[in-house]
Amino acid sequence: MSSGHLVHGMLPPGKAVEVSDGVFAYIQPDGGWWINNTAFLVGSQGVVSIDACATERRTLDYIDAIGEITPQPVRALVNTHHHGDHTYGNYLFDTAAIIAHDRVRDAILAAGPPRSAPVWTETDWGDVRLEPPFVTYRDEITVHCDDLACQVTYAGQPAHTTNDSYVWIPDRQLLISGDLLFNGGTPFLLMGSISGAIAVVEERIKPLGARTIIPGHGEVCGPEVVDDVLGYLRYVRDIAAQAHAGGLRPLQAALEFGAGPYADLLDSERLVGNLHRAYAELGGAPPGAPIDHDAALADMLTFNGGQPLTCLA
């Protein structure tokens, strides 16, 4: 099944977009596997970056984009969660304090360095060196850029992963969501929780009332993306319950039901991984509990016609 990507090598470059005074989104098309968004704030004391990129080349391009806007160094780098598309480039920010939730440090080290085979198409990661955060917090930390306060808040429970945070800038009604929100791409909950993600988006993200949202993947958007993501998450929850009761395995459920109204989202094979997570919860596993990721990824490859998943990073 096609996941809808452009032909390899044809992706546009990343772009820095000023979404509020001194606040920039760095958007990397097409937002698929390993192609994330970052953000940065420019102040008189330096730059605050939210997340790095997956590969050496992409992170250097991002650093160059910051340099085209300001000569100030990056003084703080906040990781929204441990996944490599947001953290593998950490080591290139040699002037920055790396900040993340308590659980991110161990998760980065446990995940190890990047690798393509056998899951993803071959990717040039560059000379990646793991660089976990050395400033961590349990619930929340405030990072200041001049007089602009950025509230970095732990999601409170497993959602996209077990260690998600989001960045809320109340004075601008601006949210940097990390991968709690995807715009145009399929959300991925294999390492987190379906029920937890619904609760976090519904009870924490939506009440913020953000006017501008920089999602973890996809174009800058408004609050409409919140209901879009909630709709997808509830769809997964509902078909999982129906299929589980009917004795279907996750791969069978994905083939039987498909992505339904969400079939146009990038990387539709994530449905299979999401169903593996939903089934674990239906079987009594607590949110975020370890499950067999290798089995889930193998089923995703089968759903993808037996081919590696498309990574254009």
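Summary of computed values
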{"quantity": "Residue match in segment 163-177 (condition: of a type outside the set (Ser, Thr, Tyr), in contact with a Cys (Cβ under 6 Å, 6 or more places away or on another chain), open to solvent by less than 10 Å² (accessible area, probe 1.4 Å) and under 21 Å from ALA25 (Cβ atoms))", "calculated": "yes"}
{"quantity": "Candidate set from segment 26-43 (those that are in a loop (DSSP other than H, G, I, E, B) and among the aromatic types (Phe, Trp, Tyr)); member that is most open to solvent (accessible area, probe 1.4 Å)", "calculated": "TRP34"}
{"quantity": "Yes/no for ALA65 being closer than 30 Å to ASN304 by Cα and over 17 Å from the mean Cα position of the chain (by Cα)", "calculated": "no"}
{"quantity": "Breaking point among (1) free of Cβ contacts under 8 Å to residues at least 24 places away in the same chain; (2) closer than 23 Å to ASN274 by Cα, for SER193", "calculated": "(1)"}
{"quantity": "Failed criterion for SER177 (all others in (1) within 20 Å of CYS53 (Cβ to Cβ); (2) part of a helix (DSSP H, G or I) hold)", "calculated": "(2)"}
{"quantity": "ILE198 β-branched (Val, Ile, Thr), surrounded by 18 or more Cβ atoms within 10 Å (Cβ to Cβ) and out of contact with any helix residue (DSSP H, G or I) (no Cβ under 8 Å at 6 or more places or on another chain)", "calculated": "no"}
{"quantity": "Residue pairs meeting the criteria (Cβ under 6 Å; at least 6 apart or on separate chains; first in contact (Cβ under 8 Å) with a residue 40 or more places away in the chain, in segment 15-35; second crowded, with 23+ Cβ neighbours inside 10 Å and small (Gly, Ala, Ser))", "calculated": "VAL17/ALA25; VAL19/ALA25; ALA25/ALA39; GLY31/GLY185; GLY31/GLY218; TRP34/ALA54; TRP34/ALA313; ILE35/ALA313"}
{"quantity": "Filtered residues of segment 74-128 (kept if under 21 Å from SER165 (Cα atoms) and of a type in the set (Asp, Glu))", "calculated": "ASP85, ASP102, ASP106"}
{"quantity": "Residue match in segment 178-191 (condition: over 23 Å from ILE27 (Cα atoms), open to solvent by less than 30 Å² (accessible area, probe 1.4 Å) and under 16 Å from the mean Cα position of the chain (by Cα))", "calculated": "yes"}
{"quantity": "Set ASP102, ASP127: member being farther than 22 Å from ALA313 by Cα and out of contact with any Cys (no Cβ under 7 Å at 6 or more places or on another chain)", "calculated": "ASP102"}
{"quantity": "Elements of type helices (runs of 4 or more DSSP H) contained in segment 206-310, each with 3 or more residues being surrounded by fewer than 21 Cβ atoms within 10 Å (Cβ to Cβ)", "calculated": "224-245, 250-257, 293-303"}
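For every residue, the table says whether it meets (1) touching a residue at least 60 places away in the same chain (Cβ under 8 Å); (2) of a type outside the set (A, V, I, L, M).
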| site | (1), (2) |
| --- | --- |
| THR55 | yes, yes |
| GLY67 | no, yes |
| PRO71 | no, yes |
| THR80 | yes, yes |
| LEU92 | no, no |
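The values are calculated or read from the model by the stated rules, or taken from the named source; none is laboratory data. Please read these numbers as outputs of a predicted model, since none were measured by experiment. When we count neighbours, we look across all protein chains shown, and the Cβ atoms used for this are built from the backbone with ideal geometry, even at glycine. Protein only, heavy atoms only, side chains kept; ligands, DNA and RNA dropped before computing areas. Shrake-Rupley method; radii C 1.70, N 1.55, O 1.52, S 1.80 Å.
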